[in-house]
Structures are given as C-alpha cells and as structure tokens.
Amino acid sequence: MAEMDSPLLDAELPLSYGRALEYAIWGDPEGNPVLLLHGSPSSRLFAPDPVSTATCGVRLVTVERPGYGRSDSLDEREILDWPADVTQLVDALGLQRFAVTAHSSGGPYALACALAMPERVTAVVLASSVVPLDELTPDVAGLSDEEQDLVEVARTDPLSAAAMIADAAGWLLEEPDRFLSLPRPEPDARLLENPPVREMFAASVREAVRRGSTGTSQMRCWSEDPGVINSRTSPSQCLSGTAHRMATSHRHTPKPWRACCPAVGSGSIPIKATACS
C-alpha cells in the first residue's frame, strides 16, 4: 500500500509574509494540475486513491489551510484571505492554470480561489460541500435547534461560532481516530471498512490536529453571497451522494449549489480525485 499512502512530495512553502504553508503532491507528476482543498478535520494527507488519480493523468496538490497540520495559523482569517496563500503556492509550483476541487468545508475556499483568480482556475468541483445553511428554512436544512442557533451565531459573530465549534470538537485532540467511528451514511461506513481508505482518513485527521484545534477554531462563514461568487467564477459542479445529510439542502440553495449532481446510494466521502475529467 506504499503507493497509496505516500505522496510524491511532502513539502513546506515559506510565504512572503512569514507563515509556512504545507502541501503534498500525488498522482502523475506530469499530469493536469488539480488543487484539492480538504474538509475539517483534515489535512494535506487527505488524498483519495492516488493510484486512480495517476491513471487519470492528474497531478493532485493537497494543501493545508492555516492552523491545520503543519501550516501556520492565521488569527481572524477570512475565507477570502485564502487565495493569497494559494497564489504563492501555484506560482512556486509553476502552475499557470489549474482546476480546484474541494471536500466538505473546503468548498467555500475553492470558490474563493475561482473568484480571486478567474484567469487561472479552469474549473471548480465541490464534493459533499457545506452550503449556506442560513439561506434555508430549518425544515429543509434538517438542523436541530442547537445547530440552527450555531448557524445564526456564525453569521452575526463568526469568532464566537468558531470557538463554539472548536470547544465541541475538543475531544479530537486526545482521540482523533474516534472521528472515524461517528455515525455516517451507510455507504461511507462501508467505504471506511476498507483498511487503506480508513488509514488514509485516520492519518489525515491525526495530522489535522497535530498542533491543536487552531484549524477548527478559525473556521469562518461565507464572506460573499454564493450566487454572486458563482456568477463571477469558472465553470463549477457540485457533487453529493443521495445518502449525504446535505443532499436535500443542496437542491434548495442558490447557485452554485443548484448545479448538484447526486450520486445515487453514495455518501459524503469522495472516492477519488473528483476533477479527473
């Protein structure tokens, strides 16, 4: 399984403003470049099926946002701060044009890249992405009262909401592997029974919290209306398994979420690099 769990390159990029950005490269070293933005908790070690990625002719670059893994944290960061880090990374790698794919909470950051670099981002693919839940009625969003309260706090006081999330996820620091045992859609549970997939997922979560909960404590809500972002960015596609909790929400939210392609019987975990095509 060495070819599945070892990146071609695992490296650190010193940014011009003093922080370090960590990234890894998988798949075909000469392939079409695709940036993969992880969810939470996760890290640059989240790389679904590098063998298939290489077969598809994709050079997959996984990159950690501030506070996750070995990437230095950035206090009070916003979603739209992220493209500045990515610009330095793709410049250092010599990538003039590239696609961006994202899983879960990485979705808004992928759209932010397309917004900031429309001439360089060729396409955006979002897999089981988070959605702007405060634009939905609670019955459509499927939220509990506690979750609905958190959504409202996130819009009015994002720093407090981020602290609440980090506090609720504090157990990850001591028991990161427990994350894999949380209730999941049945297709995801089956997928995690595959030892290589489970180990990749576990390693990514462990790496995410190696410096503590700074990544989750710096989570942010949307900075711009997603419909506005969609109208100004590259072609986008949203993929969601029909068994994923957010599948119904995706169908009721504004663009780009309405361009959602449900995968019948699947859950929320992407099996391979979703930008292969």
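For the range 1-111, the Kirkwood estimate of the hydrodynamic radius, built from every pair of different alpha carbons, is 14.0 Å.
Ordered by packing density, taken as the mean number of other Cβ atoms within 10 Å over each peptide's residues, highest first, how do 194-207, 169-182, 26-39 rank?
Numbers: 194-207: 16.9, 169-182: 13.4, 26-39: 22.2.
Highest mean packing first, the order is 26-39, 194-207, 169-182.
The distance from the alpha carbon centre of the range 155-208 to that of the range 61-115 is 20 Å, rounded to a whole number.
Among 146-154, 68-76, how do they line up by average Cβ neighbours within 10 Å per residue, starting with the highest?
Details: 146-154: 15.0, 68-76: 18.2.
My ranking of the peptides, most packed first, is 68-76, 146-154.
A short reminder: the numbers here are calculations on the coordinates, not readings from a lab. For clarity, every value in this text was computed on a predicted model and none was experimentally measured. Ideal geometry is used to build each Cβ from the backbone, glycine not excepted, and the neighbour counts take in all protein chains shown.
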